[in-house]
Amino acid sequence: EIDPLCEKTIRNIILDTFPTHNFLGEENVAPGKEASSAALDQKLSNGESDYLWIVDPIDGTTNFVHGMPLCMPSVAVAHKGTVVAGVIYDPHRDELFTAIKGGGAFINEATPIVVGNQKILGDAV
C-alpha cells in the first residue's frame with residue numbers, strides 16, 4: 001500500500017512542475033516484462049508529450065516490507081524515447097545517484113561515478 005502513495009506523491013511533484021510531460025509509474029503497469037514493454041511503448045507513441053517520466057516509487061518493495069535497507073525510489077526522464085536523466089536516492093545511506101546523458105554520473109552531486117576496469121564480471125562485485 002505504500003508504493004501507490006509514494007508514486008502519487010512523485011507524480012504530483014513532477015506534473016505540478018512539468019504539466020505538459022507524460023508519466024509512467026510502476027503501479028499502473030501489470031507485472032512482467034511484456035506488460036512493462038507494452039506500457040512504455042504506449043506512452044512513447046501516444047503523442048501527448050516529447051517527455052516521459054518513468055518512476056519506480058520503491059525499487060525493492062519486498063526489501064522495504066521486510067525492513068531491509070535495500071530499497072529506494074528510482075526516477076528517469078526520457079525525451080523523444082531516449083533517457084536523458086536519472087536519479088536514485090538511497091535514504092538509508094543518504095546517497096543521491098544522478099546521471100545526465102552526456103554529462104556523467106555522480107554520487108551526491110559531486111563525486112563522479114566511474115566504470116571499473118575489471119575484465120571478469122565476478123571481479124566487479
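So, of the residues in segment 10-25 that are of a type in the set (S, T, N, Q) and in contact (Cβ under 8 Å) with a residue 24 or more places away in the chain, which turns out to be most open to solvent (accessible area, probe 1.4 Å)?
Thr20
Report, by residue number, each residue of segment 45-73 that is open to solvent by 70 Å² or more (accessible area, probe 1.4 Å) and in a strand (DSSP E or B).
Tyr51, Asp59
With the checklist (1) under 22 Å from Pro19 (Cα atoms); (2) touching a Phe, Trp or Tyr at 6+ places or on another chain (Cβ under 8 Å); (3) without any contact (Cβ under 8 Å) to a residue 60 or more places away in the chain in hand, flag the one item Ala99 doesn't pass.
Answer for Ala99: the failing condition is (1).
Go through segment 104-125 and report how many residues are touching a helix residue (DSSP H, G or I) at 6+ places or on another chain (Cβ under 9 Å) and open to solvent by less than 80 Å² (accessible area, probe 1.4 Å).
Residues flagged as touching a helix residue (DSSP H, G or I) at 6+ places or on another chain (Cβ under 9 Å) and open to solvent by less than 80 Å² (accessible area, probe 1.4 Å) within segment 104-125 amount to 1.
Hey, among the residues in segment 20-37 that are within 16 Å of Ala78 (Cβ to Cβ) and among the hydrophobic types (A, V, I, L, M, F, W, C), which one's farthest from the chain's Cα centre (by Cα)?
Ranking the candidates gives Val29 first.
Condition first: under 30 Å from Glu95 (Cβ atoms) and in a loop (DSSP other than H, G, I, E, B). Now tell me which residues in segment 20-31 satisfy that.
His21, Val29, Pro31
When you go through Lys101, Lys80 one by one, which is the residue that is over 19 Å from Ile10 (Cβ atoms), open to solvent by 50 Å² or more (accessible area, probe 1.4 Å) and under 16 Å from the mean Cα position of the chain (by Cα)?
Just a single option satisfies the conditions, and that option is Lys101.
On the given criteria, is Ala35 in a helix (DSSP H, G or I) and touching a Leu at 6+ places or on another chain (Cβ under 7 Å)?
No: the conditions fail for Ala35.
Tell me yes or no: at least one residue of segment 28-44 is in contact (Cβ under 8 Å) with a residue 40 or more places away in the chain and either surrounded by fewer than 15 Cβ atoms within 10 Å (Cβ to Cβ) or not acidic (Asp, Glu) (or both).
Within segment 28-44, not a single residue is in contact (Cβ under 8 Å) with a residue 40 or more places away in the chain and either surrounded by fewer than 15 Cβ atoms within 10 Å (Cβ to Cβ) or not acidic (Asp, Glu) (or both).
The values are calculated or read from the model by the stated rules, or taken from the named source; none is laboratory data. Owing to the predicted nature of the structure, the values given are computational and were not obtained by experimental measurement. Every residue, glycine among them, receives a Cβ derived from its backbone with ideal geometry; neighbour counts consider all protein chains shown. The accessibility values were calculated without ligands, DNA or RNA, using every heavy atom of the protein model including side chains. Shrake-Rupley method; radii C 1.70, N 1.55, O 1.52, S 1.80 Å.
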